[in-house]
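Student: This is the structure I have questions about; it appears just below.
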Amino acid sequence: AFSALNDIPTRSQIYWGSTSYREALRLDPASVRAVNNLADLLVHQGTGLEEAVGLAERGVALAEAEWTRLLRDHDASENLELRADLVKRLHRTLLEYLSALGTLGQARRARGDATGAIEAWRTALRLAPETMQEYRARRHCEIAEVLEDGSRDEAVRRLDTASALTTY
């Protein structure tokens, strides 16, 4: 992702990024990272929002399926070494799953689907460990930003929660 003004991608970078992610997906259609990064790039580009939502939904589905499979394998295994490896893989997959849910919310929001965006971010908040304070704060802020006027009280609560999570 792009974190500073100097990191705003040029048209050339967007083109080559898009081309690279599409090639990565051609080689590995189940790559959650490539699906998610392409969706994120399209959202930031502001075009291809239908494709971005579709990609983000695919990324969520892939990550959820992998996380579920790993969890099932972990629970079924009696081998301590294998279980330890599966815990590491579960953690990495959960991070990809949460990233995909964040991107899905952003893609839906960019497409004008506030309800769908909030749904994705609420799911992410249910799954994210309490220790991921910055991630959780970001999701609360995103939800607060898209809530309609009738939900002002919830927006204020979410901003208060986000503020509490980022206080050092």
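The values are calculated or read from the model by the stated rules, or taken from the named source; none is laboratory data. None of these values were measured; they are calculated from a predicted model. Because the Cβ atoms are built from the backbone with ideal geometry, glycine has one as well, and the counts that use them run over all protein chains shown. Remember, those area values only see protein heavy atoms, side chains included, never the ligands or the DNA or RNA. Shrake-Rupley method; radii C 1.70, N 1.55, O 1.52, S 1.80 Å.
Student: Would you please name the residue that is nearest to Leu25 (Cα to Cα), looking only at residues in region 53-73 that are of a type in the set (A, V, I, L, M) and either in contact (Cβ under 8 Å) with a residue 12 or more places away in the chain or open to solvent by less than 50 Å² (accessible area, probe 1.4 Å) (or both)?
Tutor: The residue in question is Leu55.
Student: Let me ask something else. Which ones in region 100-114 are of a type in the set (Gly, Ala, Ser) and farther than 10 Å from Leu49 by Cβ?
Tutor: Ala100, Gly102, Gly105, Ala114
Student: Please state which of the following conditions Trp67 fails to meet, knowing it meets all the rest: (1) assigned to a loop (DSSP other than H, G, I, E, B); (2) at pLDDT 85 or above.
Tutor: In the conditions (1) assigned to a loop (DSSP other than H, G, I, E, B); (2) at pLDDT 85 or above, Trp67 misses (1) alone.
Student: Where in region 74-168 are the helices (runs of 4 or more DSSP H), entirely inside, with at least 2 residues that are open to solvent by less than 50 Å² (accessible area, probe 1.4 Å) and at pLDDT 95 or above?
Tutor: Here the list reads 80-111, 114-127.
Student: Return the pairs, sorted by first residue and then second, in which the second residue is open to solvent by 50 Å² or more (accessible area, probe 1.4 Å), the first residue lies in region 105-122 and is under 14 Å from Ser151 (Cβ atoms), the beta carbons are less than 7 Å apart, and the residues are 6+ apart or on different chains.
Tutor: The qualifying pairs are Ala117/Arg109.
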